[in-house]
Amino acid sequence: MNAPQFRRRRVTIYMLMLLTAIILTVIHDFLGPYWSYIVMYGLTVGIIGLGFNLLLGYNGLLSFGHAGLFGIGMYTVGLSIRYFNIDSLELLILLAIVVGFLIASILGYIASRLILVYFALFMLAFGQIIFTLVYKLYNITLGSDGLPITVTKIFNISFSSRAEFLYYYYYFVIIVFILCTLFMWILVNSHFGKTIQAIKFDDIRVTYIGIPVHKYRYIAFLISALYATIAGAIYAPLAGHITPDNVSFVFSGEIVYLTLLGGMNSFSGPIVGAFVYTLIKVYLSTITEYWQFVMGATLIVIVLLFPNGIMGLVGLASSKFRKR
Amino acid sequence: MAILEIRNLKKSFGKLVAVNDVSFSMNKEEIISIIGPNGAGKTTLINLISRWIKEDEGVIKFMDKDMKSIGPREAVKMGIARSFQIARMFSGLTVLDNVKLAIASRKGKCMKFLSLFDEDKDITDEAYTILENFNLSKKANFFANELSQGDRKLLDVSIAFSLKPKLLLLDEPTSGVSAAEKTNVMNYIVNMINKNKIGAILIEHDMDVVFNYSSRIIVMNEGRIVADGSPEEIVANVSVKQIMGGK
Amino acid sequence: MDAGFLLSFLFNTFFYFSILISVSVGLTLIFGVLGILNLTHGAFYALGAYFTISIFSYFTGTSNPVLYTILLIVASFSVGVIGMLTERLLIRPVYRLAQEYQLLLTFSISLVIYDIIRYIWGVMPYLHREFFSSLGYVEIAGSIFPLYYILLIGMSLLSLLALYLLLYKTKIGLLIRAASMDKDMAIGLGINVKMLYSLVFGLGVMLAAYGGALQVPFTAITLGMGGEETNMAFAIIAIGGLGSLKGALLGAFIVSLVRALGVFYFPELELVVIYLVMFLILCVRPFGLYGKYERRV
């Protein structure tokens, strides 16, 4: 795409993000607490999806352990509240980011040298480590009973009740979401982003244009991990109560699912997938307990017939429309 | 000045000695074709010079620097670029982006994650110039995997050129290319080589290409250099005729 | 540390090894030949256990160990056939796609299988004690071991032997090994690689199911069963190197050793330690201990 075309596209994207923020803000008072929660949940999961897809769609690496990173964010917040009595939101999130960064920088050192299949197994193992630690260290994490989360202050503003907190938390989540989306969009369209994609297509050729592949993979991994950690940190106050369920392999699988559903080969795929998945899950859990079957069956159909997910179909439809 | 000096190079894979006591020097602006039957060790030699593999014995010196502890990436930074027997490229990116990326790497811009790739005018302009020299500029917005076989080879070579190397290693640049396209492909390549005063080593099987475009020919057989000289000398060489099957 | 402790420690190691080796070898075989990391392996492991216990339930009241052994093998074989069908119908279409899709597909199939199991067998645990009790206990060097455990170790080793004979002493084994080394060459030689792939996948799945089946006499079969063993199998092949049979053996041994140690020194967290060992090995050997990755340039 040439520069002027791209500049137009860029401005459109910025406008779209602004519009989304505005729409979400405006409809807030019409949503009520239940649907506000759903929206916040969708936005949170959208953040993980973006981070996850940096590795899958853009770098060709499939991670089955992102729930573990999510869990690190969640439990850093939870444990900080429980053991250090921290109740200011921004400090909690900052702590989560620091912990996530430390852990991911060690993990990334190994992960960036692994090819797809080993990477998948590695992240699978990582997710299991975090899950096992959270589940079994009952004395610290309260295991499957879960940790209660109460946050009373955002930027030194106190809230009198959880309901009031959640009301204003909604705007906070939107801001974080928009910032994360903006940063990711710039990242994948940057020189770095293009190099990461090139690595997916042919990492030997990338080496032969003088790029240290491991280093780039490492940074991409770090960013992806931080997104998951931030999402986990954001989720904890939202949920009010965190359990190992969101650190389990099942959740890792759901992250994979929503990304494929929305479309792993498009930027907005994971975001779209996050919302569709949230809605499907909410709806389906009322009519069937075989949610795994539905996930698996639709995923099979997606892989075999619609590998570009929902956004892929949208793309096909819009190009047909344009041809008319 | 010799840009490449190879002395007593040896590489084995298990019991198979792929490169056996190979020695030669190369000056700037030479175009050397390496020919020989399959299994003669030609690609292994290229892999050694481009540092994909490390030698068992012997010395490779590029620009007077011993390459012993140099890996493929550093070799690129030092000025060696290569293309591949089966053309390698970033199939999901456009032709333009393929070349732009090589330029970006050369300029050390690949780490930038806040500057937008598509809006980098300098790199885009340079990329178009290079693509024009290979007659690919009209296909700049094609995806690399949409190209014909000949164009794929050209793209691979143009990526190598974008690195502004001092030594170009081309592994069978015209293999798989249709007869109609072959002359064009070689013309573009040799044109660029001469224009930019680069040294080049080609592995080739097409004898027309070899004799029309090289200043020097090295014949390899079973890992050894059997003959090394100008095209006229090689033509007159009887043992070469035997090895090459009377071509 | 006394002789009794050492003996039970060694025994535990061998015991875990025997449970894990069948699954791991199946997994690494599938990767070695087909190039696919089979994420359905755990689901077939569970299926093997459920099949076995269902077949056993028709013979409740009988106490013939030979009969049960045969039934066990029959159950595993049946699941192997199901595996072959799965490969033929669902997995074959994705060989031409990028590896990510293959992984995603096997992952999704496993989800489907797990819920099918839930649908057919429900969430309550199943038990079958007759086989185990009919064999009784033996005393070795002052410690008492259930005879079934000994039988399990024996059956596991026998299956390894059978696999070895198949791969290295038969013609079809030769074809399998040829196809794993160079698929295109094998096709060029006229070998029916497609059929071979189905066969090997079925064989790998059968080995997984066999692992699950072996658990039946002494485990309560529920939905969560096999999760731990499956994860161990994944760790084992990552440690040993995907596609390497030698690696699977060594990996299984290392994991069993750590697990046996774990029961004494860090109970509840043996899994975490095993994974950390895996991380350490991948740190210095990104392809596992015996994994090789040839890249042609």
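The values are calculated or read from the model by the stated rules, or taken from the named source; none is laboratory data. Because the structure is a prediction, the values reported are computed rather than measured. Cβ coordinates were reconstructed from backbone atoms using ideal geometry, including for glycine residues, and neighbour counts include every protein chain displayed. Keep in mind that these areas ignore ligands, DNA and RNA; they rest on the heavy atoms of the full protein, side chains included. Shrake-Rupley method; radii C 1.70, N 1.55, O 1.52, S 1.80 Å.
Details
- You will find that of C:Ile120, C:Ile144, C:Ile153, the residue that is within 13 Å of chain A (Cβ to nearest Cβ) and over 29 Å from C:Asn192 (Cα atoms) is C:Ile120 and no other.
- Per this entry, B:Lys100 is counted among residues that are facing chain A (nearest Cβ under 10 Å) and among the basic types (Lys, Arg).
- Output for segment A:78-105, where each listed residue is open to solvent by less than 10 Å² (accessible area, probe 1.4 Å) and either within 14 Å of chain C (Cβ to nearest Cβ) or at pLDDT 95 or above (or both): A:Ala96, A:Gly100, A:Ala104
- Test: residue in segment C:133-143 that is in a helix (DSSP H, G or I), open to solvent by less than 50 Å² (accessible area, probe 1.4 Å) and either among the basic types (Lys, Arg) or within 27 Å of C:Leu203 (Cα to Cα) (or both): no
- Look at segment B:178-198: where a residue is more than 18 Å from B:Ile32 (Cβ to Cβ) and of a type in the set (A, V, I, L, M, F, W, C), no partner that is modelled with pLDDT under 85 and open to solvent by 60 Å² or more (accessible area, probe 1.4 Å) sits 6+ places away or on another chain with Cβ atoms under 7 Å.
- Figure legend. Inter-residue proximity from segment B:66-90: first residues more than 7 Å from every other protein chain (Cβ to nearest Cβ), second residues open to solvent by 70 Å² or more (accessible area, probe 1.4 Å), beta-carbon distance below 6 Å, spacing 6+ or different chains. Indicated pairs: B:Gly79/B:Lys166.
- Those residues of segment C:10-28 which are hydrophobic (A, V, I, L, M, F, W, C) and open to solvent by less than 10 Å² (accessible area, probe 1.4 Å), in sequence order: C:Leu20, C:Ile21, C:Val23, C:Val25, C:Leu27
- Within the span defined as segment C:271-280, one or more residues are under 26 Å from C:Ser76 (Cβ atoms) and either open to solvent by less than 10 Å² (accessible area, probe 1.4 Å) or touching a strand residue (DSSP E or B) at 6+ places or on another chain (Cβ under 6 Å) (or both).
- Scanning segment A:126-148 for residues that are hydroxyl-bearing (Ser, Thr, Tyr), open to solvent by 20 Å² or more (accessible area, probe 1.4 Å) and within 10 Å of chain C (Cβ to nearest Cβ) turns up A:Tyr135, A:Tyr138.
- Among residues of segment A:15-28, those that are open to solvent by less than 70 Å² (accessible area, probe 1.4 Å) and under 23 Å from the mean Cα position of the chain (by Cα), counted: 6
Conditions tested, residue by residue: (1) in a loop (DSSP other than H, G, I, E, B); (2) touching a residue at least 40 places away in the same chain (Cβ under 8 Å); (3) open to solvent by 60 Å² or more (accessible area, probe 1.4 Å).
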{"site": "C:Met84", "(1), (2), (3)": "no, yes, no"}
{"site": "C:Pro93", "(1), (2), (3)": "no, no, no"}
{"site": "C:Ile109", "(1), (2), (3)": "no, yes, no"}
{"site": "C:Ile116", "(1), (2), (3)": "no, no, yes"}
{"site": "C:Tyr119", "(1), (2), (3)": "no, no, yes"}
{"site": "C:Val123", "(1), (2), (3)": "yes, yes, yes"}
{"site": "C:Phe145", "(1), (2), (3)": "no, yes, no"}
{"site": "C:Gly154", "(1), (2), (3)": "no, no, no"}
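- Selection of first residues in segment A:140-151 that are at positive phi and of second residues that are open to solvent by less than 10 Å² (accessible area, probe 1.4 Å) and hydrophobic (A, V, I, L, M, F, W, C), restricted to Cβ pairs under 7 Å at least 6 apart or on distinct chains, gives the following pairs, ordered by first then second residue: A:Gly146/A:Ile242.
- Residue within segment A:154-169 that is over 24 Å from B:Phe143 (Cα atoms), among the aliphatic types (A, V, I, L, M), modelled with pLDDT of 95 or more and surrounded by fewer than 20 Cβ atoms within 10 Å (Cβ to Cβ) present: no
- Only a single criterion out of (1) under 25 Å from A:Thr207 (Cα atoms); (2) touching a Ser or Thr at 6+ places or on another chain (Cβ under 6 Å); (3) surrounded by 15 or more Cβ atoms within 10 Å (Cβ to Cβ) is not satisfied by B:Lys182, namely (1).
- Residue tally, condition within 12 Å of another protein chain (Cβ to nearest Cβ) and either of a type in the set (Gly, Ala, Ser) or in contact with a Pro (Cβ under 7 Å, 6 or more places away or on another chain) (or both), over segment C:233-250: 6
- Considering segment B:23-53, and only residues there that are in contact with a helix residue (DSSP H, G or I) (Cβ under 9 Å, 6 or more places away or on another chain) and without any contact (Cβ under 8 Å) to a residue 40 or more places away in the chain, the residue that is nearest to the other protein chains (Cβ to nearest Cβ) turns out to be B:Trp52.
- Residue list for segment A:115-125, restricted to those being surrounded by 21 or more Cβ atoms within 10 Å (Cβ to Cβ) and facing chain C (nearest Cβ under 7 Å): A:Val117, A:Tyr118, A:Ala120, A:Leu121, A:Phe122, A:Leu124, A:Ala125
- Residue ID - most open to solvent (accessible area, probe 1.4 Å), chosen from residues in segment A:194-227 that are in a helix (DSSP H, G or I) and facing another protein chain (nearest Cβ under 7 Å): A:Phe201
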